[in-house]
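All of the numbers you see were taken from the coordinates with simple rules; none came from a lab. Owing to the predicted nature of the structure, the values given are computational and were not obtained by experimental measurement. Cβ: placed from backbone, ideal geometry, glycine included. Neighbour counts: every protein chain shown.
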Amino acid sequence: RTLQTRSMHLLKDKAYINGQWLGAQSGKVFQVTNPATGEVIGTAPDMDTSDTQRAIEGAHAAFQTWQDTTAKDRSHYLRKWYDLMAQNHEDLAKIITLEAGKPLVEARGEVAYGNSFIEFFSEEARRIHGEIIPSPIPTKKILVERQPIGVAGLIAPWNFPHAMITRKAGAALASGCTCVIKPAEDTPFTALALMELAHQAGIPSGVVNVVTSSRENAPAIGNLLCESPLVAGISFTGSTQVGKLLYRQCSSGVKRLGLELGGNAPFIVFNSANVGHAVKGAMASKFRNCGQTCVSSNRFLVQGKVYDSFVGSLVKEIKSLKIGNGQECGVNVGPLINQAQFGKVSDLVEDAVSKGAKVLTGGKAARQFGELFYEPTVLTDIKENMRVYTEEVFGPIVTIFRFETEEEGLQIANSTERGLAGYFYSEDVSQIFRVARKLEVGMCGVNEGIISTAEAPFGGIKESGLGREGSHHGIDDFTYIKYICVGNL
Ligand code: ADP
């Protein structure tokens with residue numbers, strides 16, 4: 001409760017459209033609960049397509065002037081927004097923990113990470129350069145410039161309720177686009193808190209909008225964003241299933257589309273690895289946000305000679321994790337986000353165990369902490385017919401495979417439709433370059449379990465997505481290239 005009251009000035013129960021705080025035109029609301037306790041935190045407007053249309057029109061009107069602001073002006077607005085986020089760091093973290101359940105230390109980490117995108121793109125705004133290309137004809141000049149695409153629809157997930165919005169919105173605003181943001185139904189309050197700060201930063205009305213809705217209304221809102229002629233592009237982070245649907249829906253209007261979908265990250269420990277570093281990296285990459293990140297290690301592949309020492313040390317580390325409410329000090333593992341996610345994680349473990357997987361630790365719900373808690377679990381003897389072999393777990397479950405040769409390790413690592421992140425530990429320099437090249441992923445951690453940062457391009461290959469977010473490449477989804485030919489010179 002104290003937590004709620006302290007962060008109250010940022011806790012908004014209205015959506016943010018065209019610079020105004022609005023309820024749904026239908027008057028409907030939906031409840032948002034704290035996954036650690038099941039308590040209702042509050043309600044948010046359950047908006048539908050008519051509210052979304054209003055937001056799209058507001059964003060479209062605002063684009064007419066925002067696109068003509070100077071890069072320097074946009075940079076200043078973003079910087080101001082960033083400064084306010086930094087000043088409200090702790091309150092933002094508390095709201096994240098309250099609605100997403102992650103431990104407060106991790107929520108603070110997310111705020112630093114999420115804020116850094118607005119800081120980075122406030123700087124990048126001034127470096128969206130064009131080019132002059134040498135012409136084959138002396139009387140013609142070839143000029144190339146980048147222009148903003150227009151209104152961007154940003155659809156965000158619940159696992160990083162702050163950073164997944166700022167990573168998109170920072171790039172969109174820096175480019176000169178305006179946006180309509182649809183946060184996840186589990187975590188609307190972080191998005192609305194960010195809007196309060198955008199408002200305080202003086203970002204003009206209509207430039208950023210947040211439309212909140214229940215799960216039931218999300219498909220219709222998503223469809224409208226994809227099909228509205230006033231929207232130029234969509235950027236989505238979420239499940240592969242919804243991503244594919246949006247891809248289809250965007251085809252009718254040939255919309256620009258950025259997709260950050262599910263991963264199935266391998267974490268390979270080679271015989272040459274520093275096992276101590278590997279265990280540390282494994283813990284960081286697996287248990288952050290209770291395993292609910294798309295770059296979480298999903299399959300641990302360990303080579304024969306280091307198998308026993310790696311598995312032994314990892315299990316020891318896992319047993320020392322502290323489960324609990326993220327608001328409490330020292331907690332490392334919070335709840336899963338909702339019942340659907342909880343059900344999926346327990347089903348995957350049950351399926352694997354029924355088909356012969358061995359449980360080294362965990363393997364069951366941790367009900368003593370609450371309805372949505374699951375014990376950090378280690379499974380070995382994984383076989384191809386188990387669902388965990390191919391599916392992304394999104395929970396605190398470690399699945400371990402043993403392999404003998406580098407080729408075999410790579411073959412298992414690449415035997416997936418997905419290719420977001422991949423990690424491996426090796427001290428053999430030629431192996432490092434060989435494996436980094438051959439791993440079929442968009443992002444590769446070598447002797448490192450945490451790789452995300454605003455400066456680096458985030459994104460996947462294969463079914464993990466399209467495009468890159470963060471870094472200067474993050475601008476690409478929100479700009480198009482205009483070629484201007486000046487003749488008769
Ligand atoms: P998860 O399964 O992790 O919740 P989703 O892909 O279902 O991931 O959700 C990510 C975001 O996509 C959320 O904001 C959610 O409301 C939204 N969403 C869900 N279904 C649709 C849909 N059919 N069209 C557009 N957005 C959707």
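Listed values, structure above:
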quantity	calculated
CD proxy at 222 nm, helix term only [per DSSP H run n ≥ 4: -39500 (n - 2.57); per residue of the chain; nearest 500]	-12000 deg cm²/dmol
Glu216-Val353 FRET efficiency (beta carbon distance; Förster radius 25 Å; 0.05 resolution)	0.15
Three semi-axes of the equivalent ellipsoid, the range 24-95, Cα gyration tensor, whole Å, largest first	30, 24, 6
Asp308/Glu427 FRET efficiency (R0 22 Å; Cβ-Cβ; nearest 0.05)	0.75
Relative contact order for the chain, counting Cα pairs under 8 Å that sit 6 or more residues apart, in percent	18
Potential extension, Val40-Glu227 segment - 0.36 nm per residue separation minus Cα distance	63.9 nm
Label-point gap, in nm, between Glu90 and Lys364 - each point 7 angstrom along Cα→Cβ	4.0
Principal semi-axes in Å for the range 1-145 [√(5λ), Cα gyration tensor, largest first]	39, 22, 13
Distant-in-sequence amide H partners of Val269 (H built 1.01 Å from N, under 5 Å)	Leu301, Val302, Gln303, Tyr425
For the range 152-295, alpha-carbon Rg over 2.2 N^0.38 Å	1.21
Whole-Hz ³J(HN,Hα) from phi, Karplus 6.51 cos²θ - 1.76 cosθ + 1.60, for the range 73-88, glycine and proline x	4, 4, 4, 5, 4, 5, 4, 5, 4, 4, 4, 5, 4, 5, 5, 9
Crossing angle, helix 240-251 versus the chain [Cα axis fit, 0-90 degrees, rounded to tens]	30
Helix 89-100 vs. the chain, principal-axis angle (Cα, 0 to 90°, nearest 10)	60
Relative contact order computed over the range 138-248 (Cα-Cα under 8 Å; 6+ residues apart), in percent	34
Within the range 341-404, GluC sites (Glu not before Pro) in DSSP loop having at most 12 other beta-carbon neighbours inside 10 Å	Glu384, Glu404
FRET E, pair Glu407, His277, Förster distance 25 Å, beta-carbon r, rounded to 0.05	0.60
Cα-Cα separations in the chain greater than 29 Å, expressed as whole percent	50
Cα pair distances of the range 308-405 binned at 10 Å [whole percent]	15, 47, 31, 6, 0
If the convex hull is drawn through the Cα atoms of the range 219-292, its volume per residue in Å³	118
Per-selection Rg to Rh, the range 272-353 - Cα, Kirkwood hydrodynamic radius	0.99
Principal-axis tilt of helix 218-227 within the chain, Cα atoms, nearest 10 degrees	50
